[in-house]
Amino acid sequence: MATQPRVKVLRMPAVEDKLGVARSTVYDWLNPNSPRYDPTLPRPRRLGKHSVGWIESELDEWILNRV
């Protein structure tokens, strides 16, 4: 029986650590009105009414594609 791949969801502090940038930079990259907007950055997923998270494997792929 094959095992399902684990999906890890990262909250903002872990995203900041993984990307090596501040929260404000992440949100600048996500904001289409910002001159620093990056449409290739994975979008956060809604986890609850007031929380979001990013799929770690999507961030890993984004990082590798930027190198």
Looking at segment 55-67, I want the residues that are assigned to a helix (DSSP H, G or I) and have a partner that is open to solvent by 100 Å² or more (accessible area, probe 1.4 Å) with Cβ atoms under 7 Å, at least 6 apart or on another chain. Which pairs are those? E56/K8
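For P13, state whether it is assigned to a helix (DSSP H, G or I), within 13 Å of the chain's Cα centre (by Cα), of a type outside the set (D, E) and surrounded by fewer than 13 Cβ atoms within 10 Å (Cβ to Cβ).
Working: assigned to a helix (DSSP H, G or I): yes; within 13 Å of the chain's Cα centre (by Cα): yes; of a type outside the set (D, E): yes; surrounded by fewer than 13 Cβ atoms within 10 Å (Cβ to Cβ): yes.
In short, yes.
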Out of curiosity, is R43 of a type in the set (K, R), touching a Ser or Thr at 6+ places or on another chain (Cβ under 9 Å) and either open to solvent by 50 Å² or more (accessible area, probe 1.4 Å) or in a loop (DSSP other than H, G, I, E, B) (or both)? no
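Sort out which residues of segment 1-28 are out of contact with any helix residue (DSSP H, G or I) (no Cβ under 9 Å at 6 or more places or on another chain), at pLDDT 95 or above and under 21 Å from L64 (Cβ atoms), and write them in order of number. I'd like the intermediate steps shown before the answer.
Initial filter on segment 1-28 (out of contact with any helix residue (DSSP H, G or I) (no Cβ under 9 Å at 6 or more places or on another chain)): 1-4, 6, 11, 17, 20, 24, 27-28.
Keeping just the survivors that are at pLDDT 95 or above gives 11, 17, 20, 24, 27-28.
Matches in segment 1-28: D17, G20.
The values are calculated or read from the model by the stated rules, or taken from the named source; none is laboratory data. Just so you know, these numbers come straight off a predicted model, no measurement behind them. No Cβ is skipped: glycine too gets one built from the backbone with ideal geometry, and neighbour counts run over all protein chains shown. The protein model used for the area step is the full one, side chains on, heavy atoms only, and it has no ligands, DNA or RNA in it. Shrake-Rupley method; radii C 1.70, N 1.55, O 1.52, S 1.80 Å.
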